[in-house]
1. Would you be able to tell me the number of residues in the stretch 100-134 that are among the acidic types (Asp, Glu) and more than 23 Å from residue 53 (Cα to Cα)?
2. Is one or more of the residues making up the stretch 55-66 of a type in the set (Asp, Glu) and surrounded by 11 or more Cβ atoms within 10 Å (Cβ to Cβ)?
3. Against the condition at pLDDT below 95 and of a type outside the set (Asp, Glu), how does residue 137 come out, does it pass?
4. Could you tell me which residue of the stretch 77-95 is surrounded by the most Cβ atoms within 10 Å (Cβ to Cβ), considering only residues that are free of Cβ contacts under 8 Å to residues at least 60 places away in the same chain and under 19 Å from residue 51 (Cβ atoms)?
5. Tally the residues that are of a type in the set (D, E, K, R) and over 14 Å from the mean Cα position of the chain (by Cα), restricting the search to the stretch 18-40.
6. Could you please find all residues in the stretch 13-35 being of a type in the set (A, V, I, L, M) and either crowded, with 16+ Cβ neighbours inside 10 Å or in a strand (DSSP E or B) (or both)?
7. Please identify the pairs in which a residue from the stretch 122-133 that is of a type in the set (Asp, Glu) has its Cβ atom under 6 Å from the Cβ atom of a residue that is at pLDDT 95 or above and in a helix (DSSP H, G or I), counting only partners at least 6 apart or on another chain.
8. Which of the residues belonging to the stretch 96-137 are of a type in the set (Gly, Ala, Ser) and in a helix (DSSP H, G or I)?
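The values are calculated or read from the model by the stated rules, or taken from the named source; none is laboratory data. These figures come from a predicted structure and were not determined experimentally. FYI the Cβ positions are ideal-geometry reconstructions off the backbone, even for glycines, and counts take in every protein chain you see.
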Amino acid sequence: MAAEHMVDVEVLTPEGEVWSGEARQVSTRTEVGEIGILANHAPVLAALRPTELRLHISEGETKRYAQAHGWLQVYGNRARLLLEEAIPPEDLDSGTLKEQLSDAEQRLSESEEGSADHARAQKDRDRAEAFLSIAGA
């Protein structure tokens, strides 16, 4: 595909770079809904929710990751995703994720609504539910 139809993409976590290169499209979920980033997309700054991140590299190749919370910045034909985690689906462990979901739901029920503990438990629950869905559980 011609370079003018590609967008430069960086996927970064606190551990470092997960993926970098050109893609035809980036598909992810923001706090307000699904978004697809194509070449020459308008500038965007958005909070990201846990979901399946899809990097459409070419007609037949798509890189997939379980994406945790983070941020998306699109500017100058470059998409940068700053994520708490980005894990290949085959590396997800359904058993561990079910335990994490159960723990998050327990903390959610025990914490006061509006508290920092409640917000963290909600965030952890959202992540565990999304990752379980991606893992196919």
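1. Looking only at the stretch 100-134, we keep the residues that are among the acidic types (Asp, Glu), and these are 103, 105, 110, 112-113, 117, 124, 126, 129.
Checking the rest, the ones that are also more than 23 Å from residue 53 (Cα to Cα) come to 103, 105, 110, 112-113, 117.
Number satisfying all stated conditions: 6.
2. So far as the stretch 55-66 goes, no, none of its residues is of a type in the set (Asp, Glu) and surrounded by 11 or more Cβ atoms within 10 Å (Cβ to Cβ).
3. The answer is yes for residue 137.
4. Within the stretch 77-95, the subset free of Cβ contacts under 8 Å to residues at least 60 places away in the same chain is 87-95.
Filter again for under 19 Å from residue 51 (Cβ atoms), leaving 87-94.
Numbers: 87: 20, 88: 12, 89: 13, 90: 7, 91: 9, 92: 16, 93: 13, 94: 12.
Looking at the filtered set, the residue picked out is 87.
5. Start the filter on the stretch 18-40 by keeping residues that are of a type in the set (D, E, K, R), which leaves 22, 24, 29, 31, 34.
Then keep just the ones that are over 14 Å from the mean Cα position of the chain (by Cα); that gives 22, 24.
Here the count works out to 2.
6. Within the stretch 13-35, the first condition is being of a type in the set (A, V, I, L, M), and the residues that meet it are 18, 23, 26, 32, 35.
18, 23, 26, 35, listed by residue number.
7. 124/104
8. Of the residues in the stretch 96-137, the ones of a type in the set (Gly, Ala, Ser) are 102, 104, 109, 111, 114-116, 119, 121, 128, 130, 133, 135-137.
Within the stretch 96-137, 102, 104, 109, 116, 119, 121, 128, 130, 133, 135 meet the criteria.
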